[in-house]
Amino acid sequence: MKIKILKILWLFVFCLAANNCCVSSDSDRIAERLKSLERTLPLPYHERLDKAVQAYSAKALPDAFVVSEPFLDSALSQHGMPKEMKYLPLALSGMRTDYANNDRCGVWSLPSLVAMHYGMAVDDKRDERFAIRTSTQAALSYLNDLHQQYGDWWYAILAYTNSPNALHHAIDRNGEDLQLWDFDEGHLLPNTSIIANLMACVYAYEGVERPAIKNTHIVEPVERPKPVKTADSTLTQVTKPVEKQTQPSTTSASKKSSSTNASTTKYKVKKGDTLSRIASKHHVTVNDLKRWNKLKNDKIREGQTLIIKK
């Protein structure tokens, strides 16, 4: 009897070890592929990625994405943005041209106020958020402005998906030393699933052969379709537009920021600080910090004193 029990225990331990080995192998494979695909956009592995990777790997690329990909590549190149960002509409809306969830619509899941801020028509009959070309230009302009504000592409994506105010509050409440996956683990924002979804899209589709399709024309509907809410959607936060950032020295905004009426404070750089985190904490832009402190690049050192004007 004892021998039989020992055999059962041995088999249980063996199966458990084999299962752990398999899980570890899958995790290592995902982490290695993400590392090989990493270019401008950081792709740090986390175990929370596993389910998203499995889900997207089982899906075929939507025809709308395959048709639009050359245009998306060209638009990203013109804006000087990471090419991995072409998968963002896929992660946001599944690349559905009829996507609508609360105030967010179109493949880029643009809120109405943001769309109108970037010159798009949004009313009861006409909504240019459902036109891929027009919405892409507005979305990329918005993301570029957010990147100028934060100096970090993932912060720009989180602000885009939630709102700049939500991101500011999350950083203020939880400190400046947050890592990317801290937002998801701690549920610090209304929608953090975009982190896993975007990385999973890059993992599943980057470098993969595209299917052949007959219709290669980008459909550009602008009439407002009947709203369709996806079952797995978590995009419920309305994003407020940010003020469009401009280059210093020639704009009235720049002159105002350098005015003698502006209050000036000094900030001593702490261990782990980056310009983007300091800028986010003080609600200024990275470009402003660099201009005020005559910095030629984003490098700062612990103990360094920075000037901040408000």
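Data for the structure
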| quantity | calculated |
| --- | --- |
| Qualifying residue in the stretch 67-74 (condition: free of Cβ contacts under 8 Å to residues at least 24 places away in the same chain and hydroxyl-bearing (Ser, Thr, Tyr)) | yes |
| Considering residues of the stretch 89-129 that are of a type in the set (Asp, Glu) and surrounded by fewer than 19 Cβ atoms within 10 Å (Cβ to Cβ) only, the residue nearest to residue 67 (Cα to Cα) | 98 |
| Selected residue [at pLDDT below 95 and in a helix (DSSP H, G or I)] from 28, 73 | 28 |
| Condition met for residue 84 (touching a residue at least 60 places away in the same chain (Cβ under 8 Å) and farther than 18 Å from residue 158 by Cα) | no |
| Some residue of the stretch 119-139 being in a helix (DSSP H, G or I), within 22 Å of residue 39 (Cα to Cα) and polar (S, T, N, Q) | yes |
| Complete set of residues in the stretch 145-154 that are open to solvent by less than 20 Å² (accessible area, probe 1.4 Å) and within 10 Å of the chain's Cα centre (by Cα) | 154 |
| Residue 256 being open to solvent by 60 Å² or more (accessible area, probe 1.4 Å), basic (Lys, Arg) and modelled with pLDDT of 70 or more | no |
| Criterion (modelled with pLDDT under 85, assigned to a helix (DSSP H, G or I) and open to solvent by 40 Å² or more (accessible area, probe 1.4 Å)) met by exactly one of 226, 296, 281 | 281 |
| Inter-residue pairs, beta-carbon under 7 Å, first part of a helix (DSSP H, G or I) and open to solvent by 20 Å² or more (accessible area, probe 1.4 Å) and in the stretch 156-180, second aliphatic (A, V, I, L, M) and modelled with pLDDT of 95 or more, 6+ apart | 174/188; 180/195 |
| Unmet criterion (only one of (1) surrounded by 14 or more Cβ atoms within 10 Å (Cβ to Cβ); (2) without any contact (Cβ under 8 Å) to a residue 60 or more places away in the chain; (3) out of contact with any Asp or Glu (no Cβ under 8 Å at 6 or more places or on another chain)) for residue 188 | (3) |
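Table: residues versus (1) at pLDDT 85 or above; (2) more than 24 Å from residue 159 (Cα to Cα); (3) over 27 Å from the mean Cα position of the chain (by Cα); (4) open to solvent by 30 Å² or more (accessible area, probe 1.4 Å).
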residue: 195; (1), (2), (3), (4): yes, no, no, no
residue: 215; (1), (2), (3), (4): no, yes, yes, yes
residue: 237; (1), (2), (3), (4): no, no, no, yes
residue: 243; (1), (2), (3), (4): no, no, no, yes
residue: 246; (1), (2), (3), (4): no, no, no, yes
residue: 250; (1), (2), (3), (4): no, yes, yes, yes
residue: 287; (1), (2), (3), (4): no, no, no, yes
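The values are calculated or read from the model by the stated rules, or taken from the named source; none is laboratory data. What you see is a predicted model; the values in this text were computed from it and never measured. Note: ideal-geometry Cβ built from the backbone for every residue, glycine included; neighbour counts use all protein chains shown. For accessibility, only protein heavy atoms count, side chains too; no ligands or nucleic acids. Shrake-Rupley method; radii C 1.70, N 1.55, O 1.52, S 1.80 Å.
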